[in-house]
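The values are calculated or read from the model by the stated rules, or taken from the named source; none is laboratory data. On a predicted model such as this, the values are computed, not experimentally measured, just so you know. Neighbour counts run over all protein chains shown; Cβ positions are idealised from the backbone, glycine included. The accessibility values were calculated without ligands, DNA or RNA, using every heavy atom of the protein model including side chains. Shrake-Rupley method; radii C 1.70, N 1.55, O 1.52, S 1.80 Å.
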Protein chains: 6
Amino acid sequence: MIGLIVREWKILQDPDHVTADDFFYSGLHIASETSKQLGAFTNLLTVDSIPGLNTNGLSIVRIDYEANGGLNPPHHHPRASEILTVLEGTLYAGFITSNPDHRVFAKVLKAGDVFVFPFGLIHFQLNVGKNPAVAIAAFNSQNPGVVTTANTVFGASPSINPDVLTRAFHLDKDLVTKLQRQEWVNPSDLNSYS
Amino acid sequence: MIGLIVREWKILQDPDHVTADDFFYSGLHIASETSKQLGAFTNLLTVDSIPGLNTNGLSIVRIDYEANGGLNPPHHHPRASEILTVLEGTLYAGFITSNPDHRVFAKVLKAGDVFVFPFGLIHFQLNVGKNPAVAIAAFNSQNPGVVTTANTVFGASPSINPDVLTRAFHLDKDLVTKLQRQEWVNPSDLNSYS
Amino acid sequence: MIGLIVREWKILQDPDHVTADDFFYSGLHIASETSKQLGAFTNLLTVDSIPGLNTNGLSIVRIDYEANGGLNPPHHHPRASEILTVLEGTLYAGFITSNPDHRVFAKVLKAGDVFVFPFGLIHFQLNVGKNPAVAIAAFNSQNPGVVTTANTVFGASPSINPDVLTRAFHLDKDLVTKLQRQEWVNPSDLNSYS
Amino acid sequence: MIGLIVREWKILQDPDHVTADDFFYSGLHIASETSKQLGAFTNLLTVDSIPGLNTNGLSIVRIDYEANGGLNPPHHHPRASEILTVLEGTLYAGFITSNPDHRVFAKVLKAGDVFVFPFGLIHFQLNVGKNPAVAIAAFNSQNPGVVTTANTVFGASPSINPDVLTRAFHLDKDLVTKLQRQEWVNPSDLNSYS
Amino acid sequence: MIGLIVREWKILQDPDHVTADDFFYSGLHIASETSKQLGAFTNLLTVDSIPGLNTNGLSIVRIDYEANGGLNPPHHHPRASEILTVLEGTLYAGFITSNPDHRVFAKVLKAGDVFVFPFGLIHFQLNVGKNPAVAIAAFNSQNPGVVTTANTVFGASPSINPDVLTRAFHLDKDLVTKLQRQEWVNPSDLNSYS
Amino acid sequence: MIGLIVREWKILQDPDHVTADDFFYSGLHIASETSKQLGAFTNLLTVDSIPGLNTNGLSIVRIDYEANGGLNPPHHHPRASEILTVLEGTLYAGFITSNPDHRVFAKVLKAGDVFVFPFGLIHFQLNVGKNPAVAIAAFNSQNPGVVTTANTVFGASPSINPDVLTRAFHLDKDLVTKLQRQEWVNPSDLNSYS
C-alpha cells in the first residue's frame, strides 16, 4: 500500500545523523534463488532500502532468471520509466504500446544490451537462453511501484467479481474462479520454493 | 503510438487563429452504442479532440455501459489519475493496489457517486444494474493513454511469445494461442457490432 | 488559508486503515439551493472531502445555477486548469486572456457541451436560459483554490486601502468604500438566503 | 495570447549561434515614465526579451511608481510566484488569500525590504510616499503572465455580457457599461500619456 | 546538510498564526563587510529566512563586492537557475557550459545590466571596477543550495583522498595537501576578517 | 552546448517509423580504453544515443577505471541524480555536500555495491584496487549533462580571467595560467592516448 499513498516523499532522520551508509547498499552481485512459479526473482532497491534515495528520484533492481524460460512476467510501473542492462544470458524483452494499437517493441538481448521501457507501459523479459540470465535496471522514481499484470487481476484480495475477468479476458467463469483461487507469486516474493 | 511518443506536448496553430471552438466540444450528452464484446463504450476527449487542452493537463471521457453487465474492463492510464462521477445507473467500480498486496478498493456506485482511481493503478467498472449506466471521468493529463489489460497482453501485435503468457497467467499454451488469435475490442472501438 | 500554505501535500492516515470510502463521495447528483446574491452554488470536492485525492492531482465541482441569470462570477484557480461539462441548461461561459490583450473566448453551452478554462485565467458562467442549469467540472490539482475576483478585492479582510481600488477600477472613493462594507457571498457559501 | 498558448517552451536558435548576449539585458537602471492612469510602469523581461531564459524558469521586472499614489494595481500571475525588493521609496504592498477568507497580508515597505507574493494570488503595490519609488521583482517562470484584475474584466475584448459584471461586482448596469467603454491602461503599456 | 536532505519542502506553522511578517524581510539595502579572502559577501534569503517562500519556489541574494577584485568565486546551484541584476559597479560575470565544450559566456556588466546563469552550471562574478559593486539575484527554488567549486573540493571535511585532486587538477600532491589544510571561506561566511 | 539549450525535449521521428531499435543499445559489456590523463573512460548513453529515452527521463553510463588510480574526477550533473553499481573492482567513491559544510560522504565500494549521488552535488570515484574496475550508473534525466569540475574552470574556452581562478583556488597566477594552457581531457573523450 505504501506505493499508493506516499508516492514520492518520505522524511529522513535528523540530518546530523545521516552517514554514507544511508546512500549505500551492498549485495547486488549476489544471485538470488528464483521461484518455481516464475523462474525469476527481482531484488528491488527503493527508498525503503536506501534512505538517501529520498528526493533523488531513482531506484534500481537486480533480476535473476533461471535457464530456459525464467520469466519476469508482464507488469508496469505506475510511477516510472525503466532502463535495463543485461549482464549475463539471453533475454527476449519487450513492451506493448497503449490502446488502440498494442504494438509490440521487442528484441532478443545479450550481455551488454540496453533496452528502454517507456513510462507506465506493460513490459516483460523471458530467458530464452540455456543458461541463467542476470539484468539490472534503473527507474526514475524513488518508489516506482510494480503492478504484475496477471497477479494483480487474478490474485486481487479480496477477489474481484469474476464477471469482470470472464468478460475482459474471454475466459470461462469456471476457469476464472479457479485462477482466482491459485497462489500468485510476485517476482520479488521470497518464497522461492513455491 | 501517439501516447508513447508525445506524452504531454503538442504545438497549437498560430495564436492569432485560435478561437473559442479550440476550447470546446459538443456531444457528451449523447449515448453511444456499446460493443457486443464488452457492452461498453468510451468517448475519450484528449488534446487531439480539444486543442485548447494543450499545456492544460486535463482530459475527459464519457462511458456508456449496457444493462446487466456492461464492462469497462481492467485497464490503467500510464500518465494520469482519474476521478469518475456516475450520472445514471449502478456500477461496481474499483482499483487494485500494486505488488505485493493487490488489495482491492471497490464500491457499488449510484448516480451522484464519485470515485478516485490513483495514478497508474489498474481499475474497472461493471454495470451491475438492470438499466444502462453512464459515467463521466476526468484525467490530469492532456493525453492520459489507456492500457486495457487483457487486450494489451493477448491482443498485442505481433503476438508476443506465448511462453510469456502461459507462465504469467497459469494457462495452457493452447488456450493462450487461441486467445491470441481472437479479436480484442477496445472500449473506444467504434465497431460496435463486433 | 489552507490553499496558501499547503498547496499539494497532505498526510493521509495509516495506510492499514485506508478503505474504499477514502476514495469515495456520494451526493453529486443533488441540486443545491443557490444564494440570492449570485444565484449559483458550487460544491467543490478537494482532498479535504476525498482523502484519496492526496497526491493524485485532481478535484471536482458541481455547480448549480438558478434560472435566468444564475452566475458563477469571474474567478480564477491559482493552482489548476479546469474542464467543464454542462449537464442541464444553457450557459454563457468564457475566459479572458492575460495582458495586454484581454481577449474573450466565450460560447453559449448546452447539455453535453464541454469547455476548457486554461491554467490561472479568469473565467465565468452565466445561466442565460429559462431553466436551472447544472454543470460539473474537474481540476488538475487536489487543492485548486478559488479566487472570486470581485469578492477578493472588495471583500478583503481587513479592507485594503481604498485608494488602490479607486484608481484600479476607475470608481469614486465613496462607491469603493460602500462596496467594501458590503457582504460578499462566495459561490460555495452555504448561507443560501443571503 | 502567447502566455496562453506557449506557457513554458520556446525553441532557441541554433546552439552554435548562441552568444552571451542571449543571456543579457541592459537598461534596468533606467526609470520609465509612468502612465497618467495608474502612475506606474512595469518593464517585464521574459523569455521574449532574454532568450537565454528559455527552460530556466525565471523572469524579472522593474516597476516605477510616481510619487503620492503611483499604483501597480491588483493583478495575479497565472504561472508564477513573485519576490519583490524595494530599491527606493515607500510602498504599501500586499496580497489577498483565496476563498473563503480573502485575508489580507500587507506591509509598508521601504528600501531594502523584500516581500513574497504566493503563486497565483492577487496582489498590489501603492506608492504611499512623497517621492517616486522603484522596485524589482523576480518570477519563477520564463513567461509568468500578468492578469490585471480590473482591466481584464472591464476591458475585455469583446466586452463580456454586462450582466456578469453587474451581479459579480454589485454595480449598476449603467456604470458597468460605462466602465466597459473606457480605456484600461495596463501597467506595461507604453502610452505613458494616456 | 539541509539542502541535501530537505530540498523543497518544509512545514509552516499553523496557518492561523501566519502573518505578513512571514512573507517579509528587511535589510537588503545594507552593504555587508566583505571577507579578506574573497572580497565579497553574499546575503542569501531562502525559506529559512522567509517562511512564506515555502512552496513558492523562489529565493533571493544580495552580493557585495569590494573594489578592485572582489570575487563571487566559481560555484553552482544544484537546484536552481539564477537571474542577476547589477545595482552598482562593474562586474565581469559569466558561466561555463558542460562537457565537452566548456564554452564561456561572459560579459562586463554595469548598473542596470541583467545576466542569466542557466540551471546547474558553474558561474562567477569579479569586480573589475575601482568602486565597490552590488548585485541582487533571484533563484527559482526556495532552497537553491550553493556549491562553491574550490571550497567544496579542497575544503571538504574530512579531506578527500589527495590522489583524486592531484590527478583531477594536474597539481603536485604537496600543493594539494597544502591547499587541503587551508581555511576556505565561503561567500556567505560572516568571518569577514579572515 | 546541447545540454544547455535543450534540457529535456527533443522531437522523435514519425511514430510510424519508430522501431524497437530506437529503444535499444548494444555494447555496454565492452571495456573501453582509458585515457592516460585520467585513467578512466565514460560511455554515456543519453537520448542522443537512444531516441526512445525521449520523455522517459533516464540515461545510463558505463565507466571503466584502469588499475591503481583510474579516476572519474570530481564532477556534477546539472540536471540529474545518479545511482551507481560496481560490477568489478574496488572504488573509493563519494560526494560532497553544499556550502557551508562541504561534508564528505564516501565509501570503498566492491562488486555489487550501490551508491547514490544526490541531485547536483559534486562526486567522484577512484580505483583504489590493483585491477581494472567497472561500474554502471543511471541518471534521472534523458540528458543529465556532465560538468567536470577542474576541466570546466581551468579548461574553459576562451580562458576565463585568471584573477578569478587565482583568488578562488588560492593559487599563484603563474600556475593558473600554466594550467589554463594545458589540455583537459574529459572522461568521455575518445583520445585515449592523450
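Side notes on the structure shown:
- Taking only the C-alpha atoms of the range A:97-194, Rg followed by Dmax gives 16.5, 45 Å.
- For the listed peptides D:22-35, D:176-189, a ranking on the average number of other beta carbons within 10 Å per residue, highest first, reads D:176-189, D:22-35.
- A:Lys130 label point (Cα plus 7 Å toward Cβ) to equivalent points in the other copies: 3.8, 6.6, 8.6, 8.6, 9.9 nm, shortest first.
- Taken along its principal axes, the alpha carbon cloud of the range E:124-178 reaches lengths of 38, 34, 16 Å, longest axis first.
- Looking at the range F:38-142, the pairs of alpha carbons with a distance over 19 Å make up 42% of the total.
- Relative packing of E:131-141, F:105-115, C:154-164, which averages over residues the other C-beta atoms within 10 Å, highest first: E:131-141, F:105-115, C:154-164
- Look at the alpha carbon pairs under 8 Å that are at least 6 residues apart: their mean separation over the length of chain A gives a relative contact order of 26 percent.
- Pairs of Cα atoms farther than 49 Å apart, the protein assembly as shown, %: 30
- Per-residue shielding of A:174-186, expressed as the average number of other chain Cβ atoms within 10 Å of the residue Cβ, stands at 2.
- Computed 3J(HN,Hα) for the range E:105-113, one whole-Hz value per residue from the Karplus formula 6.51 cos²θ - 1.76 cosθ + 1.60 where θ = phi - 60°, is 10, 9, 8, 8, 10, 10, 3, x, 8, glycine and proline marked x.
- Inter-site label distance for E:Lys36 and E:Asp174 at 7 Å from Cα along Cβ, in nm: 2.6
- Per residue solvent-accessible surface (Å²) - the protein assembly as shown, probe of 1.4 Å: 32
- Debye intensity ratio in log₁₀ form over the Cα atoms of chain D, taken at each q of 0.15 Å⁻¹: -1.00
- Here A:His29 yields copy-to-copy label distances, from shortest upward, of 1.9, 6.2, 6.5, 6.5, 7.1 nm, the label point defined as 7 Å from Cα along Cα to C-beta.
- Both chains summed, the buried accessible area for C and D stands near 5500 Å², from protein heavy atoms and a 1.4 Å probe.
- log10 of Debye I(q)/I(0), alpha-carbon scatterers only, for the range F:76-116 at 0.20 Å⁻¹: -0.69
- Size of electric dipole in chain F: Cβ of Lys, Arg +1 and of Asp, Glu -1, about Cα centre, debye, nearest 20: 660
- Accessible surface of the protein assembly as shown [probe 1.4 Å, protein heavy atoms]: carbon and sulfur percent: 52
- Taking a straight Cα-Cα cut-off under 22 Å and skipping sequence neighbours fewer than 8 places away in the same chain, the lysines within cross-link reach of E:Lys36 are E:Lys130, E:Lys178, F:Lys173.
- Rg/Rh, computed from the Cα trace of the range C:146-193 with Rh as the Kirkwood radius, has the value 1.00.
- The range D:108-122 and the range D:8-87: distance between their alpha carbon centers, rounded to Å: 16
- Label-reachable residues, the range D:116-154, where backbone N falls under 12 Å from a point 7 Å from E:Ala20's Cα toward its Cβ: D:116, D:124-126, D:128
- Sequence-distant residues sharing a close amide H with F:Gly70 (under 5 Å, placed H): F:Asn127
- Every helix of 4 or more DSSP H residues in chain A counts as -39500 (n - 2.57), and over all residues that averages to -3500 deg cm²/dmol at 222 nm.
- Each copy carries a label point for A:Ser157 at 7 Å from Cα toward Cβ; from one copy, the others' points are 3.9, 5.0, 5.0, 6.1, 6.5 nm away, ordered from shortest.
- Residues E:Ser157 and E:Asn131, FRET efficiency given R0 of 30 Å [Cβ-Cβ distance, rounded to 0.05]: 0.25
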